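Comments concern the structure below.
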Amino acid sequence: MQIFDTLDISATGLTAQRRKMTAIASNIANVDTTRTDEGGPYKRRRMVMLEAPKLTKFSAMLEQNRSRLTRTQGGHMLEGEPRPDEIFTGSGVMTQEVREEPIKPRMVYDPNHPDAREDGYVVFPDVNVVTEMVDMIASSRAYEANATVLSAAKDMINRSLEI
Amino acid sequence: MFLDRVVFNKTKIPALNAVLDVTQLRQRVISNNIANVSTAGYRKQDLRFQEYLDSFVKKPAVEGIRTDPRHLPVPMPVSAPTVFEPESGLNDTGLNNVDIDKEMTDLAENHLHFNVGARLLSGGFDGLRKAITGRTA
């Protein structure tokens, strides 16, 4: 139903920002991690946001392709424009996780460190705490915006029950 | 149905119905923009709906009577609201052209529009009920 699709869209926004927040938390927590399962220092996690595909629902596609009048010739006119609820807009946002290859890892001279290289340097992850903090604030504001939209949509649904 | 035409279609109810339809759809478009606020390369969407709403209020100069279902309607039905991508070159964030302040304002405005439509619609139904039963509530 169209009225609840709005909630779904906002929900995808909330999920995306929450996942981004998880990635940021993991990056900050692992700022000094020099050992990982795959070997080498921790690689920064980044969430890439993608627009969700516009036509995902079978019903929407069926609705778009179904014409109420049969056209037996190419020259026939179409019956009319679709009704408002048949128009299909986007369906929110998707996320994809990427592990960034370090561009400029933090090098610390500490020959006694168990993970030190032969020249005495330790390679720390390429994580900048300031960048993470800024991303965190942006993400939390975006989360709030989505939550506001969600509560507005909820309010509209409640209001329509009072008609 | 004949009763539909006499009782409902001559009141403001169809127009308010369209208002609710449109605000509902607009809410969807706005939520999609806000959900994609941090999507790189996303292009914001908007809804073109004024013509559609006007068609419920403005009476056409000439109205053709259809005595056969195969007749073309005069005037031609106005196109339903369409989703489009506005030509906005503004890209402050370097990510996309979604202006969060504008979207939140549109959201508030749309919310109020919906509430006004819903309130007027309940008023319309109350009036009908009064006319049918001859008493209030």
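The values are calculated or read from the model by the stated rules, or taken from the named source; none is laboratory data. Here the structure is a predicted model, which means the values were calculated and not measured. Here Cβ is always computed from backbone atoms with ideal geometry, including for glycine, and neighbour counts include all displayed protein chains. Each accessible area value is taken on the protein alone, full model and side chains, heavy atoms only, with ligands, DNA and RNA left out. Shrake-Rupley method; radii C 1.70, N 1.55, O 1.52, S 1.80 Å.
With a 1.4 Å probe on protein heavy atoms only, work out how much accessible surface A and B bury together, total over both chains, in Å² to the nearest 100.
Values: alone 11840 and 10070 Å², together 18700 Å².
Rounded to the nearest hundred, the buried surface is 3200 Å².
Can you work out the accessible area per residue across chain B, with the rest of the protein chains kept in place, probe 1.4 Å, in square angstrom? Walk me through the numbers on the way to the answer.
Working: 8470 Å² over 137 residues.
With all protein chains present, chain B gives 62 Å² per residue.
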Per-pair calculated FRET efficiency, R0 = 51 Å: B:R43 and A:K104 via Cβ, rounded to 0.05: 0.95
Where the range A:87-152 is the region considered: accessible area per residue in Å², 1.4 Å probe: 60
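Between A:Q96 and A:S140, 0.36 nm times their residue separation minus their Cα-Cα distance comes to what?
Working: separation 44, 0.36 × 44 = 15.84 nm, distance 1.84 nm.
Between A:Q96 and A:S140, full extension yields an extra 14.0 nm.
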Rounded percent of accessible protein surface that carbon and sulfur make up, chain B, 1.4 Å probe: 58
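Taking the Cβ of B:T93 as the center, what net charge do the other residues with Cβ under 14 Å away carry, scoring Lys and Arg +1 and Asp and Glu -1? If you can, show how the numbers build up before the last one.
Details: positive: A:R141, B:R43, B:K44, B:K102; negative: A:D135, B:D92, B:D99, B:D101, B:E103.
With Lys, Arg at +1 and Asp, Glu at -1, the net is -1.
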Chain-alone versus full-assembly comparison, the range A:1-34, residues with accessible loss of at least 50 Å² (1.4 Å probe): A:Q2, A:T6, A:I9
Those residues of the range A:137-161 for which accessible area with every protein chain present is at least 50 Å² below the isolated value (1.4 Å probe): A:V149, A:M156, A:R159
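Rounded to the nearest 0.05, what FRET efficiency is calculated for B:V62 and B:N9 with R0 set to 30 Å and r the Cβ-Cβ distance? Mind dumping the intermediate values first?
Details: r = 19 Å, r/R0 = 0.64.
With R0 = 30 Å, the Cβ-Cβ based efficiency is 0.95.
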GNM result for chain B, Cα springs below 10 Å: residue of B:L16, B:L53, B:L95 fluctuating most strongly: B:L95
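Report the local net charge at B:A131: Lys and Arg +1, Asp and Glu -1, summed over other residues whose C-beta lies under 14 Å from its C-beta. List each step's numbers first, then the result.
On the way: positive: B:K10, B:K12, B:R129, B:K130, B:R135; negative: B:D126.
That sum, taken over residues with Cβ under 14 Å, equals +4.
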Residues along the range B:15-36 losing 40 Å² or more of accessible surface when the other protein chains are present rather than the chain by itself (probe 1.4 Å): B:D21, B:Q24, B:L25, B:Q27, B:R28, B:S31, B:N32, B:I34, B:A35
Alpha-carbon centroids, the range A:123-139 and the range B:3-73: separation in whole Å: 46
